[in-house]
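Asker: I'd like to ask you about the structure that follows.
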């Protein structure tokens with residue numbers, strides 16, 4: 001086990017980008033633990049100076065060098081951060097030079113373009129998609145299906161709602177969900193209400209033990225939560241997906257990001273996303 | 001205007017990281033337009049070979065070189081992608097060497113650690129937080145407030161719901177929202193139900209014209225949507241935030257990411273996030 005490292009996530013805007021990169025990179029080093037310090041909106045020389053002092057103080061205090069993952073658009077600010085006593089890895093520093101050369105033009109240096117005001121249209125689309133997901137989640141609303149980009153099918157508690165919300169938030173897609181009822185499962189064919197939306201459908205499956213555990217938390221000791229019931233429902237759901245010839249996905253052990261991305265892939269990736 | 005570039009986003013897992021980096025970097029080049037091709041789950045030499053052929057075909061077809069933003073954990077796969085006819089920028093290539101040296105150990109090369117199975121606990125926390133947000137969003141549920149990390153206050157349609165969902169999804173924080181009612185606004189002080197949760201409170205404000213526009217979409221021509229009514233409510237809300245001495249935020253023109261990040265900052269950043 002290595003000594004704990006302090007990880008500074010420095011950004012001139014929200015810091016979502018450095019958070020994401022940090023997750024990706026640092027998860028590759030098992031046995032290295034981190035204390036994260038998130039420092040968003042560092043967008044003036046004064047703020048960079050304060051950050052630098054904070055990093056230097058930590059470097060003196062700690063026996064190991066702090067790691068600094070940064071996303072600073074302005075090269076002047078980057079230059080001011082660089083001499084600190086941490087290992088500085090900046091996403092602009094790493095890539096922007098190659099891109100400037102490729103496009104034969106300098107980067108604009110305007111802060112916050114990625115997640116800020118500029119992408120207003122995409123933002124509006126995401127909020128609309130989120131509203132759509134919330135509205136259709138309250139119950140089955142057939143009226144909404146013509147406006148859906150995706151309709152997720154699945155038995156109760158198979159993870160439809162988080163997936164729909166993520167598809168909306170990350171990709172601006174209007175995702176509705178259709179909970180397969182007991183009658184649907186007994187009938188054993190695609191519910192009639194869905195017949196006109198075949199190309200929007202994607203079925204979800206999940207490991208029966210995982211499903212039983214989730215249901216048990218909700219209704220302890222119920223027949224609804226029993227392993228036998230979960231197995232029966234999941235088998236019936238699979239039969240429906242197969243007989244209707246619609247794509248389906250086993251979401252066991254998948255994160256919500258992975259479910260959303262795989263659903264999009266299964267549906268041929270034909271969407272224009274706002275991401 | 002430059003000719004349109006094809007942007008390949010290549011990842012061995014969901015591709016969320018390269019999507020985020022692409023947003024950040026490419027928004028800095030005004031006048032350069034892109035066609036994005038998302039290629040997630042590229043995790044075998046065969047899949048890399050297929051991607052390489054696709055990039056090369058595009059390079060021959062187009063008058064400009066494709067841009068390839070990639071996140072490939074395995075250096076063998078990176079080496080196979082590199083000789084393609086695009087400009088390849090890989091997040092691992094850029095940073096992993098420096099980190100390996102710093103930690104004096106090699107990266108694990110295991111795919112999907114960031115958003116996959118490994119961070120199961122964080123994933124569970126996010127799903128729980130999401131459930132919490134959905135549940136408290138259905139109406140004011142005072143019982144939930146003791147379990148909240150954050151309670152957002154605001155007048156109707158001031159953006160509380162998307163902010164709560166984002167705080168849950170991205171940071172695993174339990175965010176409840178409290179819609180300020182007409183009675184609250186007339187009374188002019190912090191609603192009594194909130195008095196015990198002062199350190200969890202954050203008020204939202206928004207530009208009155210923006211609010212009127214949003215309300216107008218919902219209830220066209222109503223008094224509720226009139227500019228005068230919006231101005232009155234927002235003034236009263238601000239009075240409450242000030243008199244109660246709670247932090248508040250004007251969310252006009254902010255993306256949901258920025259609102260969530262700024263709310264966390266305002267509340268002293270004392271949270272352990274799952275991000």
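Asker: Please count how many residues of the range A:89-107 are touching a residue at least 12 places away in the same chain (Cβ under 8 Å) and farther than 13 Å from residue B:94 by Cβ.
Answerer: 1
Asker: Here are some residues: A:60, A:32, A:10. Which one is outside any loop (DSSP other than H, G, I, E, B) and either buried (at least 22 other Cβ atoms within 10 Å of the Cβ) or modelled with pLDDT under 90 (or both)?
Answerer: A:10
Asker: Can I ask one more? Taking only the range A:20-40 into account, find how many residues are facing another protein chain (nearest Cβ under 7 Å) and touching a helix residue (DSSP H, G or I) at 6+ places or on another chain (Cβ under 8 Å).
Answerer: Total meeting the criteria: 11.
Asker: Let me ask something else about it. Give the residues of the range B:218-229 that are part of a helix (DSSP H, G or I) and free of Cβ contacts under 8 Å to residues at least 40 places away in the same chain, sorted by residue number.
Answerer: Within the range B:218-229, B:227, B:228, B:229 qualify.
Asker: Among the residues of the range B:245-265, write down those that are in contact with a strand residue (DSSP E or B) (Cβ under 6 Å, 6 or more places away or on another chain) and part of a helix (DSSP H, G or I).
Answerer: B:262, B:263
Asker: Within the range A:216-256, track down each residue that is within 14 Å of another protein chain (Cβ to nearest Cβ) and surrounded by fewer than 21 Cβ atoms within 10 Å (Cβ to Cβ).
Answerer: Listed by number, the residues that qualify are A:217, A:218, A:250, A:252, A:253.
Asker: Looking only at helices (runs of 4 or more DSSP H) that fall completely inside the range A:84-195, which ones have 1 or more residues that are in contact with a strand residue (DSSP E or B) (Cβ under 8 Å, 6 or more places away or on another chain)?
Answerer: Qualifying helices (runs of 4 or more DSSP H): A:91-103, A:120-137, A:160-171.
Asker: Could you tell me which of the residues B:113, B:157, B:124 is within 7 Å of another protein chain (Cβ to nearest Cβ) and at pLDDT below 90?
Answerer: B:113
Asker: Could you list, in sequence order, the residues of the range A:159-196 that are under 18 Å from residue A:240 (Cα atoms), under 26 Å from the mean Cα position of the chain (by Cα) and either without any contact (Cβ under 8 Å) to a residue 60 or more places away in the chain or not assigned by TED's automatic domain parsing to the domain that holds residue A:232 (or both)?
Answerer: Listed by number, the residues that qualify are A:160, A:177, A:178, A:179.
Asker: Go through the range A:196-211 residue by residue and tally those that are in a helix (DSSP H, G or I), under 20 Å from residue A:229 (Cα atoms) and out of contact with any helix residue (DSSP H, G or I) (no Cβ under 6 Å at 6 or more places or on another chain).
Answerer: Final tally of qualifying residues: 2.
Asker: Let me ask you something else. All but one of (1) within 10 Å of chain B (Cβ to nearest Cβ); (2) modelled with pLDDT under 95 hold for residue A:74; which doesn't?
Answerer: The one condition residue A:74 does not meet is (1).
The values are calculated or read from the model by the stated rules, or taken from the named source; none is laboratory data. Predicted model only: the values in this text are computed from it and were never measured. As a convention, Cβ positions derive from the backbone with ideal geometry for all residues, glycine included, and neighbour counts pool all protein chains shown.
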